[in-house]
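As C-alpha coordinates, the structure follows; a few thoughts come after it.
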Amino acid sequence: MAEETGVRLLLRIEEAAKRLGVGRSTMYQMIQGGSVPVVRIGKSIRIKPGDLEAWVLGQASEDHVPGGRG
(Lines give C-alpha, C1' and ligand atoms only; values in the text may rest on other atoms or scores of the structure.)
Protein backbone atom coordinates (compact mmCIF):
# COMPACT_ATOMS: atom_id res chain seq x y z
CA MET A 1 0.00 0.00 0.00
CA ALA A 2 2.77 2.45 0.88
CA GLU A 3 4.50 1.54 -2.35
CA GLU A 4 1.37 2.44 -4.30
CA THR A 5 1.32 5.95 -2.83
CA GLY A 6 5.05 6.47 -3.34
CA VAL A 7 5.67 6.75 0.40
CA ARG A 8 8.49 4.60 1.70
CA LEU A 9 8.06 2.90 5.04
CA LEU A 10 11.71 3.16 6.05
CA LEU A 11 14.55 5.62 5.46
CA ARG A 12 18.21 4.83 4.95
CA ILE A 13 20.70 6.59 7.23
CA GLU A 14 21.67 9.01 4.46
CA GLU A 15 18.03 9.92 3.81
CA ALA A 16 17.31 10.54 7.50
CA ALA A 17 20.47 12.63 7.83
CA LYS A 18 19.49 14.71 4.80
CA ARG A 19 16.03 15.35 6.25
CA LEU A 20 17.63 16.62 9.46
CA GLY A 21 20.33 18.57 7.68
CA VAL A 22 23.14 16.69 9.42
CA GLY A 23 25.95 14.50 8.18
CA ARG A 24 25.87 10.75 7.96
CA SER A 25 28.38 10.33 10.79
CA THR A 26 26.30 12.60 13.04
CA MET A 27 23.26 10.46 12.28
CA TYR A 28 25.19 7.32 13.23
CA GLN A 29 26.27 8.97 16.50
CA MET A 30 22.66 9.83 17.31
CA ILE A 31 21.65 6.22 16.64
CA GLN A 32 24.50 4.79 18.71
CA GLY A 33 23.55 7.14 21.55
CA GLY A 34 20.00 5.81 21.48
CA SER A 35 18.46 9.16 20.53
CA VAL A 36 16.73 7.91 17.40
CA PRO A 37 14.98 4.49 17.29
CA VAL A 38 15.92 2.22 14.41
CA VAL A 39 14.72 -0.87 12.60
CA ARG A 40 17.38 -3.46 11.83
CA ILE A 41 16.97 -5.67 8.78
CA GLY A 42 19.93 -8.02 8.73
CA LYS A 43 22.94 -5.70 8.80
CA SER A 44 20.97 -2.77 7.44
CA ILE A 45 19.76 0.04 9.67
CA ARG A 46 16.59 1.90 8.76
CA ILE A 47 14.54 4.62 10.42
CA LYS A 48 10.77 5.03 10.35
CA PRO A 49 9.88 8.52 9.11
CA GLY A 50 7.34 8.84 11.93
CA ASP A 51 9.99 8.03 14.54
CA LEU A 52 12.28 10.66 13.05
CA GLU A 53 9.49 13.24 13.10
CA ALA A 54 8.60 12.33 16.70
CA TRP A 55 12.24 12.78 17.70
CA VAL A 56 12.33 16.23 16.08
CA LEU A 57 9.10 17.27 17.80
CA GLY A 58 10.47 16.01 21.12
CA GLN A 59 13.61 18.09 20.63
CA ALA A 60 11.54 21.15 19.81
CA SER A 61 9.36 20.76 22.90
CA GLU A 62 12.44 20.37 25.11
CA ASP A 63 13.70 23.72 23.82
CA HIS A 64 10.55 25.45 25.06
CA VAL A 65 10.31 23.86 28.50
CA PRO A 66 11.52 26.13 31.33
CA GLY A 67 14.74 24.66 32.64
CA GLY A 68 15.08 22.50 29.52
CA ARG A 69 17.97 22.52 27.11
CA GLY A 70 18.25 25.45 24.77
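Figures for the structure shown
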quantity	calculated
Fully extended contour minus Cα-Cα distance, from Gln32 to Val56, at 0.36 nm per residue	6.9 nm
Rounded to the nearest 20 debye, dipole of region 13-52 from Cβ charges on Lys, Arg, Asp, Glu	100
Accessible-area ranking of Leu11, Leu57, largest first, probe 1.4 Å	Leu57, Leu11
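The values are calculated or read from the model by the stated rules, or taken from the named source; none is laboratory data. Please read all numbers here as calculations on a predicted model, not as lab measurements. In this analysis, Cβ positions are derived from the backbone assuming ideal geometry, glycine residues included, and neighbour counts consider all displayed protein chains. Surface areas here come from the heavy atoms of the whole protein model, side chains and all, with no ligands, DNA or RNA. Shrake-Rupley method; radii C 1.70, N 1.55, O 1.52, S 1.80 Å.
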